[in-house]
Structures are given as structure tokens and as C-alpha cells.
Amino acid sequence: MNQDTVCTLVPYFDVPADKVDEFKALGKRFVERTRSEPGCVHYAFSFSGCTAHCREGYDNAEAILHHLENVGGLLQEALAIAYLIKLEVHAPAAEIAKLRDPLTAMKPQYFVLEEGGIRR
């Protein structure tokens with residue numbers, strides 16, 4: 001088994017009830033745009049009523065920054081119809097250090113990944 005060092009973004013969106021279908025369609029566009037990104041480990045949307053979550057993992061901070069640049073226009077479309085409730089970043093301390101300045105405007109909460117976790 002390998003040590004888990006995957007960096008994850010954990011955004012939650014509040015989507016107005018009349019915009020859920022529109023947001024889901026936008027989610028499919030996010031997935032297509034992300035599909036060929038180097039360093040993307042997993043990427044998908046999940047929903048609980050009017051709350052949307054994007055489940056995303058990356059090899060490192062550079063892959064996260066590349067992703068955010070790649071989907072920047074789509075993210076602006078999403079934020080025009082939904083509100084970002086919360087953004088968490090889970091990653092090793094060294095990767096978080098690379099993300100603090102570029103992600104400041106998004107006001108994420110950072111969680112330092114403890115060593116010793118496993119990845120199959």
C-alpha cells in the first residue's frame with residue numbers, strides 16, 4: 001500500500017431549488033472539462049437536496065491550481081446561480097503552503113493531512 005498524499009478540494013454549494021437542474025447540467029460540463037487534466041485522481045458531483053458537493057482529488061497543489069485555471073469560466077457560471085457555502089482543502093502541509101496565497105479569495109478552511117494514511 002502507498003501512503004495517502006492526495007490533495008482534496010471539498011466545496012459545498014447552496015443551489016436555489018429552481019436552479020438545481022441547471023447546476024447539474026453545469027456539473028456535467030465541469031466533469032468533461034476536468035476529465036483529461038493531469039494529476040486529477042477523482043472528480044464528481046453529489047447532491048443532497050439543494051446542496052451540491054464537488055468531490056475532487058489531485059496529486060498535488062500544482063494540479064489543483066491547474067484545475068482551477070482550467071475551470072475558471074465554469075466556476076464563475078456556477079457562482080452566478082449558486083452560493084459557495086464552504087470550501088475545505090485537505091492536503092499535506094507542504095502542499096497547503098503552496099495553496100494559501102492563490103486560494104485566499106475563496107476563504108478555504110485548511111486541514112493538514114496526517115502522515116501514515118493509506119492509499120490503495
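The values are calculated or read from the model by the stated rules, or taken from the named source; none is laboratory data. The model shown is predicted, which means the values in this text are computed figures rather than measured ones. Every residue, glycine as well, gets a Cβ built from its backbone with ideal geometry; the counts of neighbours run over all protein chains shown.
For the structure I just gave you, tell me whether Glu62 is within 25 Å of Asp4 (Cβ to Cβ), modelled with pLDDT of 95 or more and surrounded by fewer than 16 Cβ atoms within 10 Å (Cβ to Cβ).
Values: within 25 Å of Asp4 (Cβ to Cβ): yes; modelled with pLDDT of 95 or more: yes; surrounded by fewer than 16 Cβ atoms within 10 Å (Cβ to Cβ): yes.
Yes; evaluated as a whole, the condition is true for this residue.
What's the number of the only condition in (1) modelled with pLDDT of 95 or more; (2) within 16 Å of the chain's Cα centre (by Cα) that Asp21 fails to meet?
Evaluating Asp21 over (1) modelled with pLDDT of 95 or more; (2) within 16 Å of the chain's Cα centre (by Cα) leaves (2) as the failure.
Residues are listed down the side, and each one gets a yes or a no for (1) touching a His at 6+ places or on another chain (Cβ under 7 Å); (2) more than 23 Å from Lys98 (Cβ to Cβ); (3) not in a loop (DSSP other than H, G, I, E, B):
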position: Lys24; (1), (2), (3): no, yes, yes
position: Gly27; (1), (2), (3): no, yes, yes
position: Val31; (1), (2), (3): no, yes, yes
position: Pro38; (1), (2), (3): no, no, no
position: His42; (1), (2), (3): no, no, yes
position: Arg55; (1), (2), (3): yes, no, yes
position: Gly73; (1), (2), (3): no, yes, yes
position: Gln76; (1), (2), (3): no, yes, yes
position: Leu79; (1), (2), (3): no, yes, yes
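Going through the range 84-120 one residue at a time, which ones are more than 23 Å from Asn2 (Cβ to Cβ), in contact with an Asp or Glu (Cβ under 6 Å, 6 or more places away or on another chain) and surrounded by 11 or more Cβ atoms within 10 Å (Cβ to Cβ)?
Answer for the range 84-120, where residues must be more than 23 Å from Asn2 (Cβ to Cβ), in contact with an Asp or Glu (Cβ under 6 Å, 6 or more places away or on another chain) and surrounded by 11 or more Cβ atoms within 10 Å (Cβ to Cβ): just Ile85.
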